[in-house]
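Down below is the structure, laid out as structure tokens.
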Amino acid sequence: MTPEEFRQAGHELIDWIANYRSTLADGPVVHAVSPGDIRASMSATPPTETLSMTAMLAELDRVVVPTMMSVQHPNYLGFFPANASLASVLGDLASGGLGGLGISWQSCPPLTEVEEVTVDWMRQLVGLSDAWRGTIHDTASTATFIAMVCARERASGFSARAGGIAGGAALVAYASDQAHSSIPKAVLVAGYGSDNLRIIKTDGPDYALDPKALDAAMAADVAAGRTPAVVVAAVGATATTAMDPVRAIVEVANKYDAWVHVDAAMAGSAMLLPEMRHLWDGVEGADSVTWNPHKWMGTILDTSLFYVRDPNELVRVLATDPSYLQSPVDGLVTQFRDWGLPLGRRFRAMKLWFHLSLDGVEAIQTRLRRDLINAQWLAGLVEATPHWRVVAPVPLQTVCVRYEPPEFASDADALDRHTLTWATAVNASGSAFISPAKLDGRWMVRLSIGAEPTERHHLESVWSTVRHHAESVPSTA
Ligand SMILES: Cc1ncc(COP(=O)(O)O)c(C=O)c1O
């Protein structure tokens, strides 16, 4: 494709995206699609003829649009807000269009330095001190994995890098029972071994990690000859957005010289609002923090921020210096390949730069505040409705609910079946998408507010759909 052909095709694509975004609210949130339907709609053999852009877009209209979940829909209240602000989409396009090669500072100087600047802007916007330095990873899962590796190396006196981790004292990681599944995965892949992950039970009404239970678990490990290496504090745990007490966790972890990693994947966006920062009080004492602008804040995937107090902790473990990458500026510049796993990096900072510059911080903050207010409003409505209950505190934008009619009062299994049945019915209706999850071993439904276009009237409509299905599903379900 020549630049001139690209110009033509690009205009068509932009029009197509704009049309999709401006009309998606007229369609369903979820379409009926069965496993294999999409594969079956495509040729099993590679294309043998070239298509015009018009024909290519017709293929998207045929294969993708009618089958994908419309997470940009105002009635999408599923998993988490997966916003993809159009300003950041343009940044993504610009990044791809430039086609930079991010393997070293030298291979694309702006890729490194724009990232340094935008990540520092984000640091300022969430009120972290200038003691932090950061980078952009694809996901919080990657950031957490890197934190686990660095914690492992620090706890083992950097012996693990040279000699491997077998044979030394067992290194132990700690997280609450509300921690995201990326934590056990990182523990496993970083070589701690699943037996060396302590899940600290939360049983208080706020589902927060109990620092006393953490202290007891760490002391027991030390007594048994194991080495506490890392504690993960969840700021906005996945099911309920529960908030672990970061300050108290840091105090306990310091007693054992353990690394503290703050997983604020979801709640980091809230820290753009000064009035919400009390939720991660004590964060300055942590060693690393990750959060995802690609969730509620709305920068398109994959934009996950990762901050550390001391980048040397990363470089000491992750640096490589092959001859073919050496350059005269080595030692004078940041080499982000030494801060993570991949060598080749995308120009991800462009998405943040565009998002902040074209949408503006104030507009983003206004939207976040709108969602916080709407969540409190919805929680109040649920609580005021007979037989409905808000089952967890609502510190952010997620409202966890359960319909508990009297006929299920003594049969928790039947209530679970009923909850799953009505949630499935809501989703099958196409008019909203919500996510059930387990809390205290029982099913509830998460209403995760925060899609960019979701206004109060959309929530009124979703709430009426939810009530209709929950209250009309036969109790024998
Ligand atoms: C608290 C928390 N941590 C981590 C993650 C993982 O995020 P990512 O998809 O960026 O790896 C999520 C995703 O929902 C999350 O809610």
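How many of the residues making up the stretch 237-255 are farther than 14 Å from G285 by Cα and either among the hydroxyl-bearing types (S, T, Y) or open to solvent by 10 Å² or more (accessible area, probe 1.4 Å) (or both)?
The number of residues fulfilling the criteria is 5.
Tell me, which residue of the stretch 151-177 that is crowded, with 24+ Cβ neighbours inside 10 Å and not charged (D, E, K, R) is nearest to T320 (Cα to Cα)?
A151
Wholly within the stretch 121-202, which strands (runs of 3 or more DSSP E) include no fewer than the required count, namely at least 3 residues that are at positive phi and either more than 16 Å from the ligand (Cβ to nearest atom) or in contact (Cβ under 8 Å) with a residue 40 or more places away in the chain (or both)? Explain how you work it out, then say what you get.
On the way: elements: 133-137, 171-176, 197-200.
By residue number, no strands (runs of 3 or more DSSP E) qualify.
List, please: which pairs have Cβ atoms under 9 Å, are six or more places apart or on different chains, and start with a residue in the stretch 236-264 that is more than 18 Å from R154 (Cβ to Cβ) and part of a helix (DSSP H, G or I) and end with one that is among the small types (G, A, S) and away from the ligand (no atom under 16 Å from the Cβ)?
V246/G282; V246/G285; R247/G282; R247/G285; A248/G282; E251/G282; E251/G285
Within the stretch 272-297, take every residue that is under 13 Å from M122 (Cβ atoms) and surrounded by 24 or more Cβ atoms within 10 Å (Cβ to Cβ) and give me the one that is nearest to the ligand (Cβ to nearest atom). Spell out how you get there, then give the answer.
Step one: filter the stretch 272-297 for residues under 13 Å from M122 (Cβ atoms), giving 272, 289-294, 297.
Applying the additional criterion that residues be surrounded by 24 or more Cβ atoms within 10 Å (Cβ to Cβ) yields 289-294, 297.
Working: V289: 12, T290: 8, W291: 9, N292: 5, P293: 10, H294: 7, M297: 13 Å.
Going through the qualifying residues, I end up with N292.
Filter the stretch 443-477 for residues that are surrounded by 14 or more Cβ atoms within 10 Å (Cβ to Cβ) and of a type in the set (K, R); which is nearest to the chain's Cα centre (by Cα)?
Going through the qualifying residues, I end up with R446.
Any idea which of (1) more than 21 Å from the chain's Cα centre (by Cα); (2) touching a residue at least 12 places away in the same chain (Cβ under 8 Å); (3) open to solvent by 30 Å² or more (accessible area, probe 1.4 Å); (4) farther than 30 Å from V399 by Cα is the one V65 doesn't satisfy?
Only one criterion in (1) more than 21 Å from the chain's Cα centre (by Cα); (2) touching a residue at least 12 places away in the same chain (Cβ under 8 Å); (3) open to solvent by 30 Å² or more (accessible area, probe 1.4 Å); (4) farther than 30 Å from V399 by Cα is unmet by V65, namely (4).
Kindly provide the set of residues from the stretch 97-118 that are surrounded by fewer than 21 Cβ atoms within 10 Å (Cβ to Cβ) and closer than 18 Å to L358 by Cα, ordered by number.
Answer for the stretch 97-118, where residues must be surrounded by fewer than 21 Cβ atoms within 10 Å (Cβ to Cβ) and closer than 18 Å to L358 by Cα: V114, V117.
Every residue in the stretch 430-442 that is open to solvent by less than 70 Å² (accessible area, probe 1.4 Å) and either touching a residue at least 60 places away in the same chain (Cβ under 8 Å) or within 20 Å of A82 (Cβ to Cβ) (or both), please.
Filtering the stretch 430-442 down to residues open to solvent by less than 70 Å² (accessible area, probe 1.4 Å) leaves 430-437, 439, 441.
Once the filter is applied, which keeps residues that are open to solvent by less than 70 Å² (accessible area, probe 1.4 Å) and either touching a residue at least 60 places away in the same chain (Cβ under 8 Å) or within 20 Å of A82 (Cβ to Cβ) (or both), the stretch 430-442 yields G430, S431, A432, F433, I434, S435, P436, A437, L439.
If you check every pair at least six apart or on different chains, which have Cβ atoms under 8 Å apart with a residue in the stretch 78-94 that is within 11 Å of P293 (Cβ to Cβ) first and a residue that is more than 16 Å from the ligand (Cβ to nearest atom) and open to solvent by less than 10 Å² (accessible area, probe 1.4 Å) second?
Cβ pairs passing all conditions: S85/H355; S88/H355.
If I ask for residues that are in a loop (DSSP other than H, G, I, E, B), in contact (Cβ under 8 Å) with a residue 12 or more places away in the chain and open to solvent by 60 Å² or more (accessible area, probe 1.4 Å), which ones from the stretch 2-32 would you list?
Once the filter is applied, which keeps residues that are in a loop (DSSP other than H, G, I, E, B), in contact (Cβ under 8 Å) with a residue 12 or more places away in the chain and open to solvent by 60 Å² or more (accessible area, probe 1.4 Å), the stretch 2-32 yields only A32.
When the stretch 295-337 is examined, which residues are found to be among the acidic types (D, E) and under 29 Å from the mean Cα position of the chain (by Cα)? Show your work before the answer.
Kept after step one, since they are among the acidic types (D, E), are these residues of the stretch 295-337: 302, 310, 313, 321, 330.
Selection gives D302, D310, E313.
The values are calculated or read from the model by the stated rules, or taken from the named source; none is laboratory data. The structure presented is a predicted model; accordingly, all values stated were derived computationally and were not measured. Every residue, glycine as well, gets a Cβ built from its backbone with ideal geometry; the counts of neighbours run over all protein chains shown. Side chains included, ligands, DNA and RNA excluded: accessible areas come from the protein's heavy atoms. Shrake-Rupley method; radii C 1.70, N 1.55, O 1.52, S 1.80 Å.
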